[in-house]
Amino acid sequence: LQSPMAENDAFKQPGAPEPPPDYAQSANAPQIPYGYVPPPPQQVHLPGQPQPYGYAQPAPSLQVIPPGQPAPYASYQPSMTGVPIVIQPGAPQPQVRWVAPPTISIPGCPPGLEFLHGLDKVIIRQKQELIEIVTTIEIPNRYAIETPSGEQIFLAVEDPDFVQAQVMGHDRGYRIKVFDGYNRVAFTITRPLQYCRCSCCACCEGCKRRSTVEGSGEVFGAIRTRRACCASALTITDERDKDIITIDGPCCCSRCCSDADFPLKSASTGSILGQIKRRYLGYIQSTYSKADVFDIDFPRDLSVRMKAAIIGACIMIDFLEFEMKTSTQNNNNRSS
């Protein structure tokens, strides 16, 4: 006679689940849950054999490059049909690249002026807000002072005086603070308000324009206008009010569509020491925009105090010559 379990095995259909275990099994036998289907055996792939269909490649491990060895080129080559995206929309703009501070101490150099030591050229770029282009509102001037390689040395910012700026325009007095990359005031450029609106005659003391460059509790130099006809004539003095450099600008009729050169001459010998050049950036930008660009060349071994005074003279030239022309042209165009 067959047992009931043997009869069940005889009539079991292929693929049918296993019947429930017999309660008479030993208690020490492993208990397998009812309906449990064991997983298929894991497929082992030996090296050199072809990959089976559906095989997923394992993730590559990170390659560690020893120090001193060049990194391999990336296998990805971008398409040359599209324009590369340098800055993603909404991403923060790149920060200003400031010049590195000098690594050695300079004896007798005022704090903040050590950045000018050893330089023979700086570039001054005037910043302009959009509101100044579309309206007649005067905004305090800002200038970025850079090296020829594009590293920023200082940022010159005019103290706001809204009423004086709207009433007097380019004839207003100003106080410009020159900041370094650490947000410290290296020096200031100050010109008091004068009511004489004739900037070229300088026939009396009341008509002369004078600005002072000072910092760290001392005066670095001063700039005053001299009498001239249809041109700017300036004299730069030292802290003892001694004439050091003279500046004789070109006639206003000769700089309408070209660069304007302002030679820096020695007050004692008359030799040319350098120049201040205002770049001509085209008719539209030169006529309707205040964003001027100036190149200043001076001797490398010139004192840092006198270099700061020359920067003050460049900003004074911008107020005397080019702020007036741009403001007048913009007012005429808006009124028409």
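Within the stretch 294-314, can one find any residue that is farther than 19 Å from Glu146 by Cβ, in contact (Cβ under 8 Å) with a residue 40 or more places away in the chain and hydrophobic (A, V, I, L, M, F, W, C)? Taking every residue of the stretch 294-314 in turn, at least one turns out to be farther than 19 Å from Glu146 by Cβ, in contact (Cβ under 8 Å) with a residue 40 or more places away in the chain and hydrophobic (A, V, I, L, M, F, W, C). Give Ile311, Ile315, Ile272 a once-over and let me know the one that is open to solvent by 60 Å² or more (accessible area, probe 1.4 Å) and among the aliphatic types (A, V, I, L, M). Going through Ile311, Ile315, Ile272 in turn, the sole match is Ile272.
Any chance the stretch 90-101 includes a residue that's assigned to a loop (DSSP other than H, G, I, E, B), open to solvent by less than 40 Å² (accessible area, probe 1.4 Å) and at pLDDT 90 or above? The answer is yes; a qualifying residue exists.
The values are calculated or read from the model by the stated rules, or taken from the named source; none is laboratory data. What you see is a predicted model; the values in this text were computed from it and never measured. All Cβ positions, even for glycine, are placed from backbone atoms using ideal geometry, and neighbour counts span all protein chains on display. Heavy atoms of the whole protein, side chains included, go into the accessibility calculation; ligands, DNA and RNA do not. Shrake-Rupley method; radii C 1.70, N 1.55, O 1.52, S 1.80 Å.
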